[in-house]
Amino acid sequence: MHNKTIAELAKGLRSGEFSSVELTSAFLDRIKQHKVLNAYVTVTEDRALQQAKAADARLATGDAELLTGIPIAQKDIFCTEGVKTTCGSLMLDNFIAPYNATVIDKFNNAGAIMLGKLNMDEFAMGSSNETSYYGVVKNPWDINAVPGGSSGGSAAAVAARLAVCATGTDTGGSIRQPAAHCGITGLKPTYGRVSRYGMIAYASSLDQGGPMTRNAEDAAILLQTMAGFDDKDSTSVDAPVPDYMAGLTNSLEGLKIGLPKEFFGEGLNSEVAAVLEAAINEYRKLGATVTEISMPSLKLAIPAYYVIAPAECSANLSRFDGVRFGYRCENPADLTDLYTRSRGEGFGKEVKRRILMGTYALSAGYYDAYYIKAQKVRRLISEDFKRALSEVDVIMGPVAPSTAFGIGEKIGNPIEMYLSDIYTIAINLAGVPAMSIPAGFVSGLPVGLQLIGNYFSEARLLNISHQYQQVTDWHQQIPKGFE
Amino acid sequence: MNTQWETVIGLEIHAQLATKSKIFSGASTAYGAEPNSQACAVDLGLPGVLPVLNEEAVRMAVIFGMAIEAHIAPYSVFARKNYFYPDLPKGYQISQMELPIVGVGHLDIEVDGANKRIGITRAHLEEDAGKSLHGSFHGLTGIDLNRAGTPLLEIVSEPDMRSAKEAVAYMKTMHELVRYLGICDGNMQEGSFRCDANVSVRPKGQKEFGTRAELKNINSFKFVEKAINHEVERQIELIESGGTVVQETRLYDSVKDETRSMRSKEEANDYRYFPDPDLLPVLIDEDFKTQIKAQLPELPQAKKQRFKEDYALDEESATILTSSRPLADYFETVVKESGCEAKMCANWVTGDLLAALNKADLDITDSPLSHQRLAGLLKRISDDTISGKIAKQVFEELWQSTATADEVIEAKGLKQITDTGAIEAIIDKIIADNQDQVEQYRSGKDKVFGFFVGQVMKEMQGKANPGEVNKMLKAKLQ
């Protein structure tokens, strides 16, 4: 039953084929069997079984939702009341959140079961899950390869069937890139579609939570629960949430696909390019037309991102000061010592690097040259997307330049690591929604196809993904040893 | 010696806005609660929490902006001011930097009978920090975050003031204004209204400003004057003895009555302001402004002018009565309800009532004597039911009880006797009993007249109409 989709599981739970307790136990067993992946930071076994019992009772009353009794796992960036919420950092290794993120409340209300909290790059800063205090997550397709990041635990858990589905967050590609590397479906919604309340902030103007699932239909189900205005998040958008399931089977006849030439140039692995070409051909068969477009500002995305995101993070992470919660150094001599050692010891190298970069970019005398300039670039990028998406329905391209790279391969070279997000970062700067769906394999490692839509076009993106998944089976492949 | 120097002062006033909840969270702003009992997840700066702007704080800032005839920004932005301090939970304060909600405006002050217009550069919204509590923690420092997130309006003046006296007048006028507008309770002991002063000196006639020192956290009118005067003296002495003033932040010590250096410009933080990505820009449209304009109360200066014109009050009475909105309202209600001459109402309110309130250390809003009951008393004076003197006695009774003036007059039998027959009988008796004094009076000792009045009043327990008594006595003694 661990290979079933949410819809199939919901049916099984209702027909009495299996109970939520049985289903949950099965996943808990699998988590224990496959500890080698290091996907979970915390497994909430007792809590999960209690929730499963409650779900079975609710299912028996007939007053259940689609997610009632479904075992899912949460990226350890979402605050969960009474459960350790680490954000992948020693800084929060002792932090038991006293409240639930809005997203967690929504899943609880829907009756979903939380199996545990998933490993991630420290404070979501990383593209390989190697910056986690809890160690790297291994890619189920090749345990010597990274799962991608920062939602590496989420991607690996879903690919290896250690959860039916999971949440992720995406600031510069952190849902899409690990989804691509692990062969699953990931959706980064429009900025403001999913509440950020209780989601530990990395870069507030870019962060967005979203679903990481085995297929588009499951993603639609998850997003349905996650999306919506939250009066606790001023940046969440007060717009009605459409029925994401309703249009999944709509025809793609006449769909206009744009391929930015900047996405297919130098830097893209040629075998990956070939996989993407084949995927786009499938879309042609489904009735889509394909045109090449140009988005000249895309090349500016990485430098702009690495000013804006660190600038925001330098302030967002100031609250981790050893005063009220989290890591505190031993025997601080005075206040300055308390700050410098608590932060110096509690944060990892990449987090400190970004705090320093951001602090520098915001400093007197540099603010205009860096922060203001980056904001201008950001506007150009948004304009580029708006213009392109007024001409085509969807933009397609790679998610990452290559398949999952080896553990340890890039961690010593931050610039090279940053470049692995070259195709995903611009989307966060523009705030538009985008997905990664499995489109094939290169040397046994999955390749993701990226689909980018206009603001609030999640339903359309899910439809475009779903139709592709009706005629392909890349998303149904299971890594060896995890069948 | 000092006359060749000119003082230049600009003030930054922090007025705590009288909202029920905090500027970015739903926690209460009430003062004096158990430490950390009024700090929610947002105020504690827990991981993952987000600020949500309190619309009431925006409304109050706009009211203020309109009262000082300032430009109200149609688009203003919250920014993060970054610095580390244990009572600053997030490691940054949410404030406004480049785009404040209130732009250039002005406030007119009065010093020694002359009016002066002080420019206001800007006013912006921000959150307050918590408090560090030293002592009684076994050598450790305690943090109370109840105040964290309390809304503040920081009002920045132009360097338009030229003396400590002007600075005090400005601060007082501002204090009166924010209370008038109902946007700040003005409680200086509780820190609801506090100020920093930027002070410099320059040789008279010089255009350029001297180097300024910022005096931090001055919490009373008295200290503003003292702190500025001390700082001016310090700067002048320093320059005259060949030194130079350095730009720095100085703390006023009210106990030692001196200012001392806190940090120099070099040690100053680089606050690394940038727009807070958690909050949307504040958009204020014409509709909102029109709506607020309609709710804007009459301002102190306009009210004072109107009191002088409409009620024919003198400068002093008008000033006292318009010093607070509740007092002015009380006075106007008394005038309306009693139908008495405004001058008399003013005398009673500024005289007996304020004296009694001061003695009991009460504010007009807590007056045990309601305007209805005071009006009831004044009515009985003007219709000659009681004399002014008896009225004082009735006032005492009213102050102590909840009875009306009529009830007191009735119960105590204080009604004035205007029955000329009764008065005449008494007068005749007094004249008959005091022939010596009658002789004296008739021989030209006018002073004795007072004796007769006193005797008659005494006989009539003060209830005789004094005018009537005078008139009749004069006639009888002729």
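The values are calculated or read from the model by the stated rules, or taken from the named source; none is laboratory data. Keep in mind it's a predicted model, so treat the numbers as computed, not measured. Because the Cβ atoms are built from the backbone with ideal geometry, glycine has one as well, and the counts that use them run over all protein chains shown.
Here are the numbers for the structure shown:
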| quantity | calculated |
| --- | --- |
| Residue, nearest to B:L414 (Cα to Cα), within the stretch B:437-478, restricted to residues that are in contact with a Ser or Thr (Cβ under 9 Å, 6 or more places away or on another chain) and in a loop (DSSP other than H, G, I, E, B) | B:K463 |
| Hits in the stretch B:7-28 (condition: over 29 Å from A:F78 (Cα atoms) and either within 14 Å of another protein chain (Cβ to nearest Cβ) or part of a loop (DSSP other than H, G, I, E, B) (or both)) | B:L17, B:A18, B:T19, B:K20 |
| In the stretch A:193-212, residue farthest from A:K232 (Cα to Cα) [restricted to those that are touching a residue at least 60 places away in the same chain (Cβ under 8 Å) and more than 10 Å from chain B (Cβ to nearest Cβ)] | A:M212 |
| Helices (runs of 4 or more DSSP H) wholly inside the stretch A:398-483 that include at least 3 residues being over 22 Å from A:S150 (Cα atoms) | A:458-471 |
| B:A129 vs. criteria outside any helix (DSSP H, G or I), within 14 Å of chain A (Cβ to nearest Cβ) and either touching a Leu at 6+ places or on another chain (Cβ under 6 Å) or of a type in the set (K, R) (or both) | yes |
| Which numbered condition A:S382 fails, given (1) more than 28 Å from A:A156 (Cβ to Cβ); (2) crowded, with 18+ Cβ neighbours inside 10 Å; (3) in contact with a helix residue (DSSP H, G or I) (Cβ under 7 Å, 6 or more places away or on another chain) | (2) |
| Checking B:S382 against (1) surrounded by 18 or more Cβ atoms within 10 Å (Cβ to Cβ); (2) more than 30 Å from B:A61 (Cβ to Cβ), the condition it does not meet | (1) |
| Test: residue in the stretch B:65-85 that is out of contact with any helix residue (DSSP H, G or I) (no Cβ under 7 Å at 6 or more places or on another chain), part of a helix (DSSP H, G or I) and of a type outside the set (D, E) | yes |
| Checklist (1) away from chain A (no Cβ under 14 Å); (2) in contact (Cβ under 8 Å) with a residue 12 or more places away in the chain applied to B:R272, failing item | (1) |
| Those residues of the stretch B:170-195 which are surrounded by fewer than 22 Cβ atoms within 10 Å (Cβ to Cβ) and assigned to a helix (DSSP H, G or I), in sequence order | B:K172, B:T173, B:H175, B:E176, B:L177 |
| B:I426 being in the same structural domain as B:Q461 (by TED's automatic domain parsing) and in contact (Cβ under 8 Å) with a residue 12 or more places away in the chain | yes |
| Selection within the stretch B:70-84 - touching a strand residue (DSSP E or B) at 6+ places or on another chain (Cβ under 8 Å), within 9 Å of chain A (Cβ to nearest Cβ) and farther than 17 Å from B:L280 by Cβ | B:N82, B:Y83 |
| One residue from A:E312, A:E262 being away from chain B (no Cβ under 14 Å) and either at pLDDT 95 or above or under 29 Å from A:D384 (Cα atoms) (or both) | A:E262 |
| Flag if B:V255 is assigned by TED's automatic domain parsing to the domain that holds B:S200, modelled with pLDDT of 90 or more and of a type outside the set (S, T, Y) | no |
| Sole residue being at pLDDT 95 or above and within 23 Å of A:A124 (Cα to Cα), chosen from A:V351, A:V392 | A:V351 |
| Pair list, Cβ < 8 Å and 6+ apart or interchain, from the stretch B:133-162 residues that are free of Cβ contacts under 8 Å to residues at least 12 places away in the same chain to residues that are of a type in the set (G, A, S) and not in a loop (DSSP other than H, G, I, E, B) | B:H134/B:G142; B:S136/B:G142 |
| Residue satisfying condition, being among the acidic types (D, E), in the same structural domain as B:I72 (by TED's automatic domain parsing) and touching an Asp or Glu at 6+ places or on another chain (Cβ under 8 Å), within set B:E240, B:E248 | B:E248 |
| Residue match in the stretch B:237-253 (condition: crowded, with 17+ Cβ neighbours inside 10 Å, in a helix (DSSP H, G or I) and of a type in the set (A, V, I, L, M, F, W, C)) | yes |
| Yes/no for A:R343 being over 30 Å from A:S457 (Cβ atoms) and in contact with a Pro (Cβ under 9 Å, 6 or more places away or on another chain) | no |
| Breaking point among (1) surrounded by fewer than 22 Cβ atoms within 10 Å (Cβ to Cβ); (2) within 22 Å of A:D170 (Cβ to Cβ); (3) within 14 Å of chain B (Cβ to nearest Cβ), for A:V241 | (3) |
| Residues located in the stretch B:110-142, provided they are β-branched (V, I, T), surrounded by fewer than 23 Cβ atoms within 10 Å (Cβ to Cβ) and closer than 29 Å to B:G65 by Cα | B:V111, B:T121 |
| Meets criteria (aromatic (F, W, Y), out of contact with any His (no Cβ under 9 Å at 6 or more places or on another chain) and either under 22 Å from B:E309 (Cβ atoms) or in contact (Cβ under 8 Å) with a residue 12 or more places away in the chain (or both)) for B:F331 | no |
| Residue in the stretch A:119-140 that is of a type in the set (F, W, Y) and either closer than 27 Å to A:M396 by Cβ or in contact with a strand residue (DSSP E or B) (Cβ under 6 Å, 6 or more places away or on another chain) (or both) present | yes |
| Test: residue in the stretch A:441-452 that is closer than 18 Å to A:G192 by Cα, touching a residue at least 40 places away in the same chain (Cβ under 8 Å) and of a type in the set (A, V, I, L, M) | yes |
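Listed here are the residues, each with its yes/no results for (1) in contact (Cβ under 8 Å) with a residue 12 or more places away in the chain; (2) under 11 Å from A:G111 (Cα atoms); (3) in contact with an Asp or Glu (Cβ under 9 Å, 6 or more places away or on another chain).
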residue	(1), (2), (3)
A:E8	no, no, no
A:R14	yes, no, no
A:F18	yes, no, no
A:L23	yes, no, no
A:F27	yes, no, no
A:A39	yes, no, no
A:R47	yes, no, no
A:A54	yes, yes, no
A:G62	no, no, no
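Yes or no, residue by residue, for (1) within 14 Å of chain A (Cβ to nearest Cβ); (2) of a type outside the set (D, E, K, R):
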position	(1), (2)
B:A30	no, yes
B:N54	yes, yes
B:I101	no, yes
B:R117	no, no
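Here is a yes/no grid of residues against (1) surrounded by fewer than 24 Cβ atoms within 10 Å (Cβ to Cβ); (2) within 14 Å of chain B (Cβ to nearest Cβ); (3) over 18 Å from the mean Cα position of the chain (by Cα); (4) not basic (K, R):
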| residue | (1), (2), (3), (4) |
| --- | --- |
| A:F95 | yes, yes, yes, yes |
| A:Y99 | yes, yes, yes, yes |
| A:A110 | yes, no, yes, yes |
| A:L118 | no, no, no, yes |
| A:T131 | no, no, no, yes |
| A:P140 | no, no, no, yes |
| A:A155 | no, no, no, yes |
| A:G168 | no, no, no, yes |
| A:I175 | no, no, no, yes |
